[in-house]
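Written out below as structure tokens is the structure these notes cover.
Please treat every number below as a calculation from the coordinates, not as lab data. Since this is a predicted model, take the numbers as computed values, not measurements. Reconstructed Cβ throughout: ideal geometry from the backbone, glycine too, with neighbour counts over all protein chains shown.
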Amino acid sequence: MKIVVIGGSGLIGSRVVQRLSAEGHQVVSGSPKSGVNSVTGEGLAETLKGAAVLVDVSNSPSFDDAPVMEFFQKSTRNLVAAAKAAGIGHYVALSVVGTDRLLSSGYFRAKMVQETMIKESSIPYSIVRATQFYEFVNSIVEFSTVGEAIRVAPILIQPMAAADVSQAVGDVALGKPLNGTLEVGGPKAYQMAELVKLALGSRAAQREVIIDPKMGYFGAEASERTIVPDAGAKLSSKSYEDWLSQQQAAAAAR
Ligand SMILES: NC(=O)c1ccc[n+]([C@@H]2O[C@H](COP(=O)([O-])OP(=O)(O)OC[C@H]3O[C@@H](n4cnc5c(N)ncnc54)[C@H](OP(=O)(O)O)[C@@H]3O)[C@@H](O)[C@H]2O)c1
């Protein structure tokens, strides 16, 4: 089966491409670096020709309100049109758990628009909403750093490994369209402050982690359970602690 992965060079996309290729499918990765641009439409028609499944795991180069909205609107409009023209039978897109609860953020308003355009496209679809990737936790620490201190909201976070997100996206791509949303998350919910301290490791002693209800999540208003999955989500098994140990072992071996 031919499967096109838009954003196939990214953190999730490269793993989805690897996983689906290993199962013997004809997988084509599309991204600007390979001449496929979902925002301009360049290369979409040729790439989608003969494909059965389209997987969109692209991301906007800018997270600022106007450019991110422009990215997901233009990209999804072009992908829907090209998918219809190519007779795609399953449109899979990756979104974020809690997107509909984070609409005070421009990024999540844009993800919501992406989801809605896909749902209204009349193409059979599946939306996978994942929690934050373990690989993204350092960006959360950076964003939350104010001077020498780290300020985080009293919220729960239930992150997961990019490898497990990719596995879930691959499983969904090979299944029947859900015409709905599947939530995926990690095995354990942490207080954001606890996760930040785990990420800092031995550096934690030198940094003050302050609980600040005003911080929200990346500037969006968030309460305790805003970014954790609902009951019924598919949970992966690799813990953040195990993932960190593996990262450290791999770094030491280099
Ligand atoms: N970060 C998180 O914790 C988290 C949690 C849940 C869901 N998500 C979602 O996961 C998705 C993938 O994230 P990621 O971290 O894997 O992204 P990433 O590593 O930043 O990769 C982004 C991909 O998008 C491609 N791309 C950029 N502009 C494009 C365009 N105009 N046309 C086609 N492709 C384009 C890039 O291609 P080039 O390499 O050619 O530039 C790259 O392959 C996002 O939609 C995000 O909302 C993220």
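Structure notes:
- Members of segment 83-117 found to be touching a Leu at 6+ places or on another chain (Cβ under 8 Å), among the aromatic types (Phe, Trp, Tyr) and either part of a helix (DSSP H, G or I) or within 15 Å of Glu70 (Cα to Cα) (or both), listed by number: Phe108
- Strands (runs of 3 or more DSSP E) fully within segment 1-69 that include at least 1 residues being under 21 Å from Phe136 (Cβ atoms) and charged (D, E, K, R): 53-56.
- Residue ID - nearest to Glu221 (Cα to Cα), chosen from residues in segment 91-120 that are in contact (Cβ under 8 Å) with a residue 24 or more places away in the chain and among the hydroxyl-bearing types (Ser, Thr, Tyr): Ser104
- Residues in segment 14-34 that are in contact (Cβ under 8 Å) with a residue 60 or more places away in the chain and either closer than 14 Å to Leu79 by Cβ or among the acidic types (Asp, Glu) (or both): Glu23 alone.
- Test: residue in segment 123-141 that is farther than 25 Å from Gln248 by Cα, in contact (Cβ under 8 Å) with a residue 60 or more places away in the chain and buried (at least 22 other Cβ atoms within 10 Å of the Cβ): yes
- Entry remark, segment 22-47: residues being in contact with a Lys or Arg (Cβ under 9 Å, 6 or more places away or on another chain), within 20 Å of Ala173 (Cα to Cα) and not polar (S, T, N, Q) number 3 in total.
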